[in-house]
């Protein structure tokens with residue numbers, strides 16, 4: 001897996017995870033590096049595009065609120081965070097973890113923050129799939145014998 005693909009993975013995971021979970025796991029690591037904002041957390045909007053049937057022409061579905069943040073650690077590493085909604089703290093945490101993943105702390109962050117978040121996400125998805133499967137209706141046609 002390339003570095004770029006791996007980074008997309010953890011940034012996506014951080015964006016999808018509830019902020020409380022990220023905060024709890026990050027504080028459990030004991031890491032609290034100094035950082036300065038390159039771009040303080042700010043709220044904005046992005047246009048969400050869709051495709052009919054995943055193959056049709058692209059169309060503007062609507063707007064979504066997003067918060068972004070960019071910060072730099074004391075040693076020069078830069079991290080970025082983008083999250084849905086207006087949670088500035090969540091965007092800062094995502095940017096901080098992104099910066100930490102680019103240095104010596106990467107193994108610690110991967111084991112103590114990202115792995116538990118990925119496991120929790122898998123559990124949430126499985127539970128949602130089970131709830132959806134419980135409502136599945138199988139339709140069938142009976143031959144009526146009129147022919």
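FYI, it's all coordinate maths here, none of it is from the lab. Computed from a predicted structure; not experimentally measured. Positions of Cβ are backbone-derived with ideal geometry, glycine not excepted, and every protein chain shown enters the neighbour counts.
Only counting other Cβ atoms within 10 Å, I'd like 61, 73 sorted with the fewest neighbours first. Provide the component values of the computation, followed by the final result.
Details: 61 11, 73 18.
Listed from fewest to most nearby Cβ atoms, that is 61, 73.
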Q: Report, in degrees rounded to the nearest 10, the 0 to 90 angle that the Cα long axis of helix 115-134 makes with the longest principal axis of the chain.
A: 20 degrees
Q | Estimated translational D of region 1-46 in µm²/s (Stokes, Kirkwood radius over Cα pairs; 25 °C; 0.890 mPa s) | A | 187 µm²/s
**Q.** GNM result for the chain, Cα springs below 10 Å: residue of 66, 46, 83 fluctuating most strongly
**A.** 46
Q) Between the helical axis of 88-100 and the dominant principal axis of the chain, each derived from Cα atoms, what acute angle in degrees is found, rounded to the nearest 10? A) 70 degrees
Q: Binning at 5 Å from 0, report for the chain what percent of all alpha-carbon pair distances ends up in each bin.
A: 2, 8, 14, 16, 16, 13, 9, 6, 4, 3, 2, 2, 2, 1, 1, 0, 0
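Order of 59, 140 from fewest to most other C-beta atoms within 10 Å?
Working: 59 9, 140 4.
Lowest to highest Cβ neighbour count: 140, 59.
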Q.
Angle check, please: helix 19-28 long axis (alpha carbons) against the longest principal axis of the chain (alpha carbons), in degrees 0 to 90, nearest 10.
A. 40 degrees
Q: Find the centroid of the Cα atoms in region 1-56 and in region 76-146, then give the distance between the two in whole Å.
A: 11 Å
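Helix-only estimate, please: 222 nm mean residue ellipticity of the chain, summing -39500 (n - 2.57) across DSSP H runs of length 4 or more and dividing by its residues, to the nearest 500. Don't skip to the end; give the middle numbers.
Values: 5 runs with 61 residues, N = 147.
The helix contribution divided over the chain gives -13000 deg cm²/dmol.
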